[in-house]
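Right, one structure below, let's go through it.
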Amino acid sequence: AQSVTQPDIHITVSEGASLELRCNYSYGATPYLFWYVQSPGQGLQLLLKYFSGDTLVQGIKGFEAEFKRSQSSFNLRKPSVHWSDAAEYFCAVGAWSSASKIIFGSGTRLSIRP
Amino acid sequence: EAGVTQFPSHSVIEKGQTVTLRCDPISGHDNLYWYRRVMGKEIKFLLHFVKESKQDESGMPNNRFLAERTGGTYSTLKVQPAELEDSGVYFCASSQGGTGGNEQFFGPGTRLTVL
């Protein structure tokens, strides 16, 4: 079955600290992986995406993610968080080769401690 | 270039009433998707249009939901009659598809509250 698991429902980190949000996926075909962010009152914004090539992907706002095929993981990282990073983060997987639905994880809510 | 737009941004209705949500995709995008997030749960796929045709409607919860995409441009999602469990945020997305990959661009969502 196709699924995305984000094991952490809510994470709190101090401003300036590093961040890692976990994501594991199960997908039959070659996955097209995404991280989206939803800030309060806003829509879904794409942070980064991965299909092939370098397994370390750079995104917007200083985020990066690393694809590890052997672990079926696509964890999101940021070396130093800012208060404006407080939001909900969604990992998602879809098909590269066809326009079809994206499957989302349940999201991780990130709070920033001053 | 304008992104995906959705109207209204918020809607509060009473159980049993009808609500129609609208989505305008990015110009030139043949693929249009509806997703929904109910409180605290994951974002779930509802259906997928390719131009005006329904490609995949496996996520539609029941026959109270009707989606249309007349002329292959904007789409509407009607809920009739609305139930309490329909409350949530409804997202629309569009993609160009084809060999360009399946990157979907999302709208800001419509927050539906059924009282």
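Here are the numbers for this structure:
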| read-out | value |
| --- | --- |
| Lone qualifier among A:Ser100, A:Ser106 - being free of Cβ contacts under 8 Å to residues at least 24 places away in the same chain and within 11 Å of chain B (Cβ to nearest Cβ) | A:Ser100 |
| Residue in the range A:55-63 that is free of Cβ contacts under 8 Å to residues at least 12 places away in the same chain and surrounded by fewer than 18 Cβ atoms within 10 Å (Cβ to Cβ) present | yes |
| Residues being open to solvent by 60 Å² or more (accessible area, probe 1.4 Å), part of a strand (DSSP E or B) and over 14 Å from B:Val79 (Cα atoms) - total across the range B:1-20 | 3 |
| Matching strands (runs of 3 or more DSSP E) fully within the range B:21-115 where at least 1 residues are within 11 Å of another protein chain (Cβ to nearest Cβ) | B:31-37, B:43-50, B:53-56, B:88-95, B:110-114 |
| Subset of the range A:1-58 [in a loop (DSSP other than H, G, I, E, B), modelled with pLDDT of 95 or more, within 26 Å of B:Gly40 (Cβ to Cβ) and of a type in the set (S, T, N, Q)] | A:Gln6 |
| Boolean, A:Gly94 is closer than 27 Å to B:Leu47 by Cα, open to solvent by less than 10 Å² (accessible area, probe 1.4 Å), of a type outside the set (Phe, Trp, Tyr) and touching a Phe, Trp or Tyr at 6+ places or on another chain (Cβ under 7 Å) | yes |
| Matching residues, the range B:79-107, being in contact (Cβ under 8 Å) with a residue 40 or more places away in the chain and either open to solvent by 70 Å² or more (accessible area, probe 1.4 Å) or on the phi > 0 side of the Ramachandran plot (or both) | B:Gln80, B:Leu84, B:Glu85, B:Gly88, B:Gln96, B:Gly97, B:Phe105 |
| Scan of the range A:59-89 for residues that are among the aromatic types (Phe, Trp, Tyr) and assigned to a helix (DSSP H, G or I), ordered by number | A:Trp83 |
| Set A:Leu76, A:Leu48, A:Leu19: member being more than 26 Å from B:Gly3 (Cβ to Cβ), surrounded by 15 or more Cβ atoms within 10 Å (Cβ to Cβ) and in contact with a Leu (Cβ under 9 Å, 6 or more places away or on another chain) | A:Leu19 |
| Test for B:Leu47: is it open to solvent by 40 Å² or more (accessible area, probe 1.4 Å) and free of Cβ contacts under 8 Å to residues at least 60 places away in the same chain | no |
| So A:Ser72, is it touching a residue at least 40 places away in the same chain (Cβ under 8 Å), under 29 Å from B:Gly88 (Cα atoms) and more than 14 Å from every other protein chain (Cβ to nearest Cβ) | no |
| Among the candidates A:Tyr27, A:Tyr89, A:Tyr36, residue that is farther than 30 Å from B:Ser9 by Cα, surrounded by 12 or more Cβ atoms within 10 Å (Cβ to Cβ) and within 13 Å of chain B (Cβ to nearest Cβ) | A:Tyr27 |
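The values are calculated or read from the model by the stated rules, or taken from the named source; none is laboratory data. Being a predicted model, the structure only gives us computed values, none of them experimental. All Cβ positions, even for glycine, are placed from backbone atoms using ideal geometry, and neighbour counts span all protein chains on display. Each accessible area value is taken on the protein alone, full model and side chains, heavy atoms only, with ligands, DNA and RNA left out. Shrake-Rupley method; radii C 1.70, N 1.55, O 1.52, S 1.80 Å.
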